[in-house]
Every structure is written in structure tokens, then in C-alpha cells.
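One structure below.
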């Protein structure tokens with residue numbers, strides 16, 4: 001009788017722990033969805049407090065639910081959010097976390113591309129940007145972002161003025177070549 005009572009108690013306790021964890025997860029997901037919706041519907045530039053709150057919700061969810069299928073999606077969103085907040089250090093930290101923890105995710109190519117972009121545009125580390133773009137192209141040569149990675153490598157470190165001059169030169173060469181074939 002004592003053993004049955006003990007087993008029943010353990011089963012009830014397990015049930016409450018499982019439902020409590022699930023409800024915490026669901027509550028966190030609802031908070032994220034609500035704040036995302038609020039930010040999307042907002043007509044003015046969101047304040048740093050709301051953006052930081054969303055970042056905290058994303059990272060809190062991931063920390064508490066690392067194996068949840070939503071965690072890689074939230075981490076990917078957190079990377080983009082950090083980039084949008086112009087926080088390259090945080091974006092790089094999150095990109096590295098993504099690559100380490102979710103290396104089998106379908107968004108892995110995009111995460112590698114974002115890491116290269118962060119190196120280039122937010123951390124001004126052109127050497128690491130070049131290395132990461134090349135890594136991306138080696139691993140994913142047929143990915144839809146491959147052309148973007150090739151273009152990034154072609155123009156890496158060039159000023160907008162240098163890029164305009166190159167575009168103008170290419171356009172003139174194409175026009176001259178078109179004139180010769182007529």
C-alpha cells in the first residue's frame with residue numbers, strides 16, 4: 001500500500017513538473033509573439049527598451065529551452081535583432097552560439113553568411129569577413145546567397161565611390177562591346 005501511494009505521489013509530482021515546464025515555455029513563446037506583434041504594428045521607431053526586452057525574451061527562451069524546435073528560430077531572430085540594433089559584438093556572439101548549438105539547422109547557411117556580414121559591416125574585420133564568405137562559398141556553392149557572397153568578396157573593403165567607378169567602368173565596357181556586335 002505504501003509503495004502504491006509513493007508511486008502515485010511520484011506520478012502526480014511528475015505530471016505537475018511537466019505541465020509547469022510546458023506552461024512556462026508556452027508563456028515565454030506567447031510573450032515573444034506579443035512583443036513581436038507590437039513592434040511590427042508600431043508606426044514609429046521602437047525604443048531601445050522594447051528591443052532589449054525582446055532580446056532578453058529570445059535569449060531567455062533559448063537558455064531555458066535549448067532543445068525546443070523554436071530555439072534555433074529565436075536565436076536566428078536574435079542575431080538579426082542585434083544587427084538591427086547595430087550591436088555587432090552581440091550579433092557575433094549569437095551567431096557563434098547558433099553555429100555551435102544548431103549546426104544541423106536548415107538556416108545554417110544563412111547564419112554563416114550573417115557572420116561574414118557582421119565581420120564586414122559591423123566589426124570592420126575584413127580579413128575574417130573574407131575568410132567566412134569563402135567558407136560559406138566552399139560549403140554552400142549553390143545556395144541562393146552564393147551570388148551575394150561572391151559580390152561581397154569582390155567589393156570587400158572598397159568605398160562606395162570605388163564601387164560606383166567600377167560599376168560605371170563595367171557599364172561602359174558592356175556598352176562598347178554591344179556597339180561592336182551590331
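Quick notes
- Subset tally (residues that are farther than 17 Å from residue 63 by Cα and part of a helix (DSSP H, G or I)) for segment 93-109: 2
Let's see how each residue does on (1) within 17 Å of residue 100 (Cα to Cα); (2) surrounded by 12 or more Cβ atoms within 10 Å (Cβ to Cβ); (3) modelled with pLDDT of 95 or more:
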site	(1), (2), (3)
29	no, yes, no
33	no, no, no
36	no, yes, no
39	no, yes, no
42	no, no, no
49	no, no, no
62	yes, yes, yes
73	yes, yes, yes
78	yes, yes, yes
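- Residues considered: 118, 112. Of these, the only one that is modelled with pLDDT of 95 or more, out of contact with any strand residue (DSSP E or B) (no Cβ under 9 Å at 6 or more places or on another chain), within 22 Å of residue 57 (Cβ to Cβ) and surrounded by 19 or more Cβ atoms within 10 Å (Cβ to Cβ) is 118.
- Entry remark, segment 43-63: residues being outside any helix (DSSP H, G or I) and out of contact with any helix residue (DSSP H, G or I) (no Cβ under 8 Å at 6 or more places or on another chain) number 4 in total.
- Any helices (runs of 4 or more DSSP H) falling wholly within segment 120-182 and containing at least 1 residues that are under 18 Å from residue 109 (Cβ atoms): 126-139, 146-155
The values are calculated or read from the model by the stated rules, or taken from the named source; none is laboratory data. Fair warning: this is a prediction, and the values are worked out from it, not measured in the lab. When we count neighbours, we look across all protein chains shown, and the Cβ atoms used for this are built from the backbone with ideal geometry, even at glycine.
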